[in-house]
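**Student:** Quick one: this structure, given as structure tokens, is what I'll be asking you about.
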Amino acid sequence: MTPAVVIIGSMALFWAAFLGVVVIPTVTMPDRPSDTWRATSAAEERGRRLYIADGCVYCHSQYVRPQDWAEGAQRIARAGDYARQQPPLLGSERTGPDLSQQGGEHPDDWHRAHFTNPRHTSPASVMPSFSFRSAAQIADLTRYVQSLGGKDADLRVARQQHWKGLAVAAYANGPDANVAWIHSKVPEVWRKMPNPYPATEASLARGQRIYELYCVGCHGPSGDGRGTAQPYLDPPPLNFALLRRNLIEGKYIGGVLYYQIMNGITGTAMPYFKTQLESAKIWDVSNYVAYNFIGYVDYPLRTDQIDAAYENAEPPPPKGFVKDQP
Ligand code: HEC
Ligand code: HEC
């Protein structure tokens, strides 16, 4: 091979790559906004600058790929979603969740607690604390993440605000009226759905682990709603002891817990866990909450009381436990 062939060959390779990754995409993907795109406000733009300065992009992508349906994605990214963004913040690391549809996933008070210290709302989080940012800067960052998803995000944010108004008003009516209001949103079929999983020792141990990983920052170690996130949240996290005197039809049904943990309570900081916890884990943590904080479980503690259970019989339940079988 002569030097001329090496030089001309490498130049040809370079320009072929340039044509493939720069020229063709630039020509075929005009800067035309997608159906959900909208212009950003001044506060959102300030938040975007902070997002770049604080290195959020090193942990968060803003690009839902076609293979991300399994992660619970709502919308696959389109070229027009990034129109007029300089630079587009696609990101390549996915240490944290993808944020391209983040707007309206949580209400603002959740973000205030989370940016101050992510462990407040997500006890096992590796995201750094941004408490060195001023309240005004955290507000700008919040406006920015609430805008992600464009017009779709605006609809979700409006829904959060609508329900926030109702949730705050219900909380102001006193603890029992508040619980009654929350329960009035649980569909009839779930109010009657007993827990299909026995609250065995193993289930309660799994439930405790899940509670410590996901719930303790808000509801607190004793379930009284006084986790470290509590000062930031309005309405504050629920004190589970209240549910003892607010039983439904004389008992506390696992399905009521399950429904709320699965879907969250829109307008409050209570997040949905349907994309983070599989069904069995939601029942386990429901068992843990019901057994430890409400003192009532609607399914046997002993697998030998279940027809066709494959597990071995368990020792009898501890004393002082209220049991009711479906
Ligand atoms: C070291 C990696 C890391 C950095 C840097 C980081 N995050 Fe996170 N982020 C995470 C992880 C992990 C989670 C999931 C656990 C949690 O909720 O904290 C998360 C969660 C989030 C969530 C909640 C997502 C959801 O759907 O619940 C938002 C919003 C968020 N981060 C925004 C930001 C912003 C804005 C910045 C920069 C100011 C940032 N993050 C910096 C790792 C990171
Ligand atoms: C970021 C804070 C936060 C986290 C994390 C959180 N919750 Fe909540 N939770 C709340 C708030 C706020 C409410 C509703 C308060 C209100 O409207 O009065 C609530 C309400 C509930 C309710 C409704 C109870 C009822 O019957 O009325 C249940 C059940 C519940 N949470 C369980 C859990 C479980 C289990 C976890 C963990 C898997 C969890 N929560 C994680 C904040 C949180």
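**Student:** Consider S134 carefully, then state whether it is of a type in the set (S, T, Y), away from ligand 2 (no atom under 16 Å from the Cβ) and within 23 Å of T228 (Cα to Cα).
**Tutor:** Spelling it out, S134 is indeed of a type in the set (S, T, Y), away from ligand 2 (no atom under 16 Å from the Cβ) and within 23 Å of T228 (Cα to Cα).
**Student:** Would you mind finding the one in D98, D152 that is surrounded by 13 or more Cβ atoms within 10 Å (Cβ to Cβ), within 14 Å of the chain's Cα centre (by Cα) and within 16 Å of ligand 1 (Cβ to nearest atom)? Before you say what the answer is, go through the steps one by one.
**Tutor:** On the way: D152 fails: within 14 Å of the chain's Cα centre (by Cα).
So the residue among D98, D152 that is surrounded by 13 or more Cβ atoms within 10 Å (Cβ to Cβ), within 14 Å of the chain's Cα centre (by Cα) and within 16 Å of ligand 1 (Cβ to nearest atom) is D98.
**Student:** Determine, yes or no, whether E44 is under 27 Å from H162 (Cα atoms), in the same structural domain as V145 (by TED's automatic domain parsing), open to solvent by 50 Å² or more (accessible area, probe 1.4 Å) and touching a residue at least 40 places away in the same chain (Cβ under 8 Å).
**Tutor:** no
**Student:** Between a residue in segment 88-102 that is over 19 Å from M29 (Cβ atoms) and any residue that is more than 8 Å from ligand 1 (Cβ to nearest atom) and among the aromatic types (F, W, Y), which pairs come within a Cβ distance under 8 Å, given they are 6 or more apart or on different chains?
**Tutor:** Pairs that qualify, where the first residue is over 19 Å from M29 (Cβ atoms) and the partner is more than 8 Å from ligand 1 (Cβ to nearest atom) and among the aromatic types (F, W, Y), are D98/Y63.
**Student:** Restricting to segment 169-208, name every residue that is assigned to a loop (DSSP other than H, G, I, E, B) and free of Cβ contacts under 8 Å to residues at least 60 places away in the same chain.
**Tutor:** Those that are assigned to a loop (DSSP other than H, G, I, E, B) and free of Cβ contacts under 8 Å to residues at least 60 places away in the same chain: N173, G174.
**Student:** Name the residue, out of A73, A16, A79, that is within 14 Å of G150 (Cα to Cα) and not assigned by TED's automatic domain parsing to the domain that holds F273.
**Tutor:** Selected residue: A79, the only one of A73, A16, A79 that is within 14 Å of G150 (Cα to Cα) and not assigned by TED's automatic domain parsing to the domain that holds F273.
**Student:** Is at least one residue of segment 24-40 within 15 Å of ligand 1 (Cβ to nearest atom) and in contact (Cβ under 8 Å) with a residue 24 or more places away in the chain?
**Tutor:** From segment 24-40, those within 15 Å of ligand 1 (Cβ to nearest atom) are 40; that's our starting set.
In the following step, the residues that additionally are in contact (Cβ under 8 Å) with a residue 24 or more places away in the chain were identified as 40.
Yes, segment 24-40 contains a residue that is within 15 Å of ligand 1 (Cβ to nearest atom) and in contact (Cβ under 8 Å) with a residue 24 or more places away in the chain.
**Student:** Would you mind stating whether D284 is among the acidic types (D, E) and assigned to a loop (DSSP other than H, G, I, E, B)?
**Tutor:** Considered against the rule, which asks whether it is among the acidic types (D, E) and assigned to a loop (DSSP other than H, G, I, E, B), D284 comes out as no.
**Student:** Starting from residues that are away from ligand 2 (no atom under 16 Å from the Cβ) and more than 17 Å from C59 (Cβ to Cβ), keep the ones in segment 101-131 and report whichever is most open to solvent (accessible area, probe 1.4 Å).
**Tutor:** S131
**Student:** Do you know which of the residues in segment 202-218 that are within 17 Å of G254 (Cβ to Cβ) and open to solvent by 20 Å² or more (accessible area, probe 1.4 Å) is farthest from ligand 2 (Cβ to nearest atom)?
**Tutor:** Per the criteria, the residue is A202.
**Student:** Return yes when Y58 is open to solvent by 50 Å² or more (accessible area, probe 1.4 Å), within 11 Å of ligand 1 (Cβ to nearest atom), of a type in the set (F, W, Y) and in contact (Cβ under 8 Å) with a residue 24 or more places away in the chain and no when it is not.
**Tutor:** It is true that Y58 is open to solvent by 50 Å² or more (accessible area, probe 1.4 Å), within 11 Å of ligand 1 (Cβ to nearest atom), of a type in the set (F, W, Y) and in contact (Cβ under 8 Å) with a residue 24 or more places away in the chain.
**Student:** Every residue in segment 229-250 that is open to solvent by 50 Å² or more (accessible area, probe 1.4 Å) and more than 18 Å from the chain's Cα centre (by Cα), please.
**Tutor:** Those that are open to solvent by 50 Å² or more (accessible area, probe 1.4 Å) and more than 18 Å from the chain's Cα centre (by Cα): P231, N239, R244, R245, L247, E249, G250.
**Student:** Between R48, R65, R38, which is under 12 Å from D81 (Cβ atoms) and out of contact with any strand residue (DSSP E or B) (no Cβ under 8 Å at 6 or more places or on another chain)? Write out each step before concluding.
**Tutor:** Numbers: R48 fails: under 12 Å from D81 (Cβ atoms); R65 fails: under 12 Å from D81 (Cβ atoms).
Testing whether each residue is under 12 Å from D81 (Cβ atoms) and out of contact with any strand residue (DSSP E or B) (no Cβ under 8 Å at 6 or more places or on another chain) leaves just R38.
**Student:** Here's a follow-up. I'm trying to understand the selection: among the residues of segment 238-269, which are within 16 Å of ligand 1 (Cβ to nearest atom), farther than 15 Å from W181 by Cα and free of Cβ contacts under 8 Å to residues at least 60 places away in the same chain?
**Tutor:** I261, M262, N263
**Student:** May I pose another question? What residue, among those in segment 76-95 that are open to solvent by less than 20 Å² (accessible area, probe 1.4 Å) and outside any helix (DSSP H, G or I), is farthest from ligand 1 (Cβ to nearest atom)?
**Tutor:** A83
**Student:** Can you tell me which residue in segment 138-182 is farthest from D35 (Cα to Cα), limited to those that are charged (D, E, K, R) and within 15 Å of ligand 2 (Cβ to nearest atom)?
**Tutor:** D176
The values are calculated or read from the model by the stated rules, or taken from the named source; none is laboratory data. Just so we're clear, the structure is a prediction, and the values are computed from it rather than from any experiment. Note that each Cβ is placed from the backbone with ideal geometry, even for glycine, and that neighbours are counted across all protein chains shown. The accessibility values were calculated without ligands, DNA or RNA, using every heavy atom of the protein model including side chains. Shrake-Rupley method; radii C 1.70, N 1.55, O 1.52, S 1.80 Å.
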